[in-house]
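Chemist: Before I ask anything, let me first share the structure, which is written out below as structure tokens.
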Amino acid sequence: MTFVDWITPVRRRSPRTMTARALLACALLAVAGASGRSVADEPIKVAVYPFELEDFSAAAGAVATNARDVKYLAEATEEAKRMLAQSGRYILVDTAGAQDVPAKARTMHSCHGCVGPITKKFGADQAVVGLITRISRTEYTLLIQVFDAASGEPVSRYFTGLRMGADYSWARGAKWLVKNRILAKDRG
């Protein structure tokens, strides 16, 4: 039975039944029209915090984070932001004014529950925290965690190793994880 058959008068149906069905059909159409865009289609407000560096290399204590590290961390952060914003699935929330110690000190990855409360201050739904781990001068790993701002809990974690790479490859690792993990998850 089609929708038209369902609301079309038939001799055996009483006017009261037809009126009830017509009202029900109107109500269903109104609800469908009002929610023409589902919650899943709404862009997610995301706070992308500056990517962080954890150095476990042999020279970790002797060599401080240098200008190159700062540059490549910024490039990795900007690549993740660019891709998320261009996807149309996310709206970036500016975190530049973060006054909380973990955000300023770039220790969001190890702040034990602070990501949610800090992110809620910015009005974001989710947070992205990226962590580059230097194993040696040519071996790195990249971990991107996506947190729910309301609960503060991680909703997803994505990891890649950048073996035999160099610090200039951090942005490529961020691009790969965003494209092949975060945005791929959203598509399917």
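Chemist: What is the one condition in (1) more than 11 Å from the chain's Cα centre (by Cα); (2) of a type outside the set (Phe, Trp, Tyr); (3) surrounded by fewer than 19 Cβ atoms within 10 Å (Cβ to Cβ) that residue 155 does not satisfy?
Modeler: Going through the list (1) more than 11 Å from the chain's Cα centre (by Cα); (2) of a type outside the set (Phe, Trp, Tyr); (3) surrounded by fewer than 19 Cβ atoms within 10 Å (Cβ to Cβ), residue 155 breaks only (1).
Chemist: Just a yes or no: is a residue in segment 127-138 among the polar types (S, T, N, Q) and at pLDDT 90 or above?
Modeler: Yes, because at least one residue in segment 127-138 is among the polar types (S, T, N, Q) and at pLDDT 90 or above.
Chemist: Can you give me the number of residues within segment 131-152 that are part of a strand (DSSP E or B) and over 14 Å from the mean Cα position of the chain (by Cα)? Reasoning before the result, please.
Modeler: The initial filter retains those residues of segment 131-152 that are part of a strand (DSSP E or B), namely 131-136, 139-148.
Retained after the next criterion (residues that are over 14 Å from the mean Cα position of the chain (by Cα)): 131-136, 139-142.
The total comes to 10.
Chemist: Considering each residue of segment 112-126, count those that are assigned to a loop (DSSP other than H, G, I, E, B) and touching a strand residue (DSSP E or B) at 6+ places or on another chain (Cβ under 9 Å), and give that number.
Modeler: Total satisfying the criteria: 4.
Chemist: Is it the case, given these coordinates, that residue 173 is more than 11 Å from the chain's Cα centre (by Cα) and either part of a loop (DSSP other than H, G, I, E, B) or modelled with pLDDT of 95 or more (or both)?
Modeler: Judged against the criteria, residue 173 is not a match.
Chemist: Related question: Is it the case that some residue within segment 75-93 is out of contact with any Lys or Arg (no Cβ under 9 Å at 6 or more places or on another chain), in the same structural domain as residue 143 (by TED's automatic domain parsing) and at pLDDT below 80?
Modeler: no
The values are calculated or read from the model by the stated rules, or taken from the named source; none is laboratory data. Computed from a prediction, not measured in an experiment: that's the story for all the values here. Cβ sites come from the backbone with ideal geometry, for glycine too, and all protein chains shown count toward neighbours.
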